[in-house]
Amino acid sequence: MRPNRKTTRARPAISRSAGLALGLGLTLIGAGPGRADIDIATAPLFVMPPVIPALMLAIDDSGSMDSEVLMRANDGALWWNTKNRSFTGLNMNDHSETGAINFNRAGDANNDWKKFVYLFPNGTGLTSGRRAYSDSTHDHYAVPPIPPFAFSRSPEFNLAYFDPARLYAPWPSQGGYTFTDADPAAASTDPTRGSQTYTLTAVSERRDSNEVFRMFPGMVIPAGTRYRDWDDSKWKTASNDRPIEIADMPNPDDLTNGVYRGEGRGVPISFYPATF
């Protein structure tokens, strides 16, 4: 008679986590057709009631979209402060900061803050493709094209300005409009309105209403600048730097504590538009 023998086989070691995973797997496999009943949420479970997904495309066609200045400042504009006589020096907290673009936290154009938004003044008349805004008492002026304000024609500061390092493709032709490469010698001021053009490759000398540059006490017409002098109404070239003084203003008595609060003087200045 042969004695009974028990056969012992080695069992592989299974960690607890692996065992749990294996058990879960077997449970799911055993569920069979029940797998199709799993409903995976597509929205945050903690939002009650659930929010229906939505996509909004907003297009801003307000007058401010006509601005040719987009600074890292309030409303994207360049703000001249009549107290410190500068476009710079006051940060977004209304604190003095050397080199900071004036922010004008309140955002109001008034006696202390003059708002500049244009670089290529070409008169007014939105439907004809000209400026949307005319020069007003405190706002919508064109920045004088002089070296101290050259940063307004740099894409590093003015985010809306031409960047020579980029290739600009024509707008997609849509809505009955066909857009092609712009002609620098006759660039449309607004490709969807009117037929007005601007010559970017020739010196521009304009002196009509809303085609000039606004200047305030503290600004300087640099030597060598060709401009139209209000004293003798002729185009001339400045032989020396000419500081703009209160006495040069059309209403020099508009003072408060010695600070000029008026609307400044429109000065025709000769300039080459395609400058960056």
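The values are calculated or read from the model by the stated rules, or taken from the named source; none is laboratory data. Note that the coordinates shown come from a computational prediction; the quantities given were computed from them, not determined experimentally. Cβ sites come from the backbone with ideal geometry, for glycine too, and all protein chains shown count toward neighbours. Note: areas computed on protein heavy atoms with side chains; ligands, DNA, RNA excluded. Shrake-Rupley method; radii C 1.70, N 1.55, O 1.52, S 1.80 Å.
Okay, here's what the table says:
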{"read-out": "Selected residue (only one of F103, F120, F116 is in a strand (DSSP E or B), surrounded by 15 or more Cβ atoms within 10 Å (Cβ to Cβ) and under 19 Å from the mean Cα position of the chain (by Cα))", "value": "F116"}
{"read-out": "Hits in the stretch 87-107 - residues which are among the charged types (D, E, K, R) and either farther than 25 Å from S62 by Cα or modelled with pLDDT of 95 or more (or both)", "value": "D94, E97"}
{"read-out": "Residues located in the stretch 205-215, provided they are open to solvent by less than 60 Å² (accessible area, probe 1.4 Å) and either closer than 14 Å to R242 by Cβ or out of contact with any Ser or Thr (no Cβ under 7 Å at 6 or more places or on another chain) (or both)", "value": "E211, V212, F213, R214, M215"}
{"read-out": "Matching residues in the stretch 221-262 - criterion: being in contact with a strand residue (DSSP E or B) (Cβ under 8 Å, 6 or more places away or on another chain), farther than 18 Å from P148 by Cβ and in a loop (DSSP other than H, G, I, E, B)", "value": "W230, M249, P250, P252, D254, R261"}
{"read-out": "The stretch 217-229 residues that are free of Cβ contacts under 8 Å to residues at least 40 places away in the same chain, paired with ones that are surrounded by 14 or more Cβ atoms within 10 Å (Cβ to Cβ) and outside any strand (DSSP E or B) (beta carbon under 6 Å, 6 or more apart)", "value": "A223/A238"}
{"read-out": "Test: residue in the stretch 232-242 that is out of contact with any Asp or Glu (no Cβ under 9 Å at 6 or more places or on another chain) and touching a residue at least 24 places away in the same chain (Cβ under 8 Å)", "value": "no"}
{"read-out": "Test: residue in the stretch 58-81 that is more than 19 Å from the chain's Cα centre (by Cα) and assigned to a loop (DSSP other than H, G, I, E, B)", "value": "no"}
{"read-out": "Selection from the stretch 104-152 of residues that are in contact with a helix residue (DSSP H, G or I) (Cβ under 7 Å, 6 or more places away or on another chain) and hydrophobic (A, V, I, L, M, F, W, C)", "value": "L119, A132, V143"}
{"read-out": "Failed criterion for G194 (all others in (1) under 21 Å from Y141 (Cβ atoms); (2) within 29 Å of the chain's Cα centre (by Cα); (3) not acidic (D, E) hold)", "value": "(1)"}
{"read-out": "Single match in F157, F151 (criterion: open to solvent by 70 Å² or more (accessible area, probe 1.4 Å), out of contact with any Leu (no Cβ under 8 Å at 6 or more places or on another chain), farther than 25 Å from T127 by Cβ and not β-branched (V, I, T))", "value": "F157"}
{"read-out": "Matching residues in the stretch 152-200 - criterion: being part of a loop (DSSP other than H, G, I, E, B) and of a type in the set (F, W, Y)", "value": "F157, Y161, F162, Y168, W171, Y177, F179"}
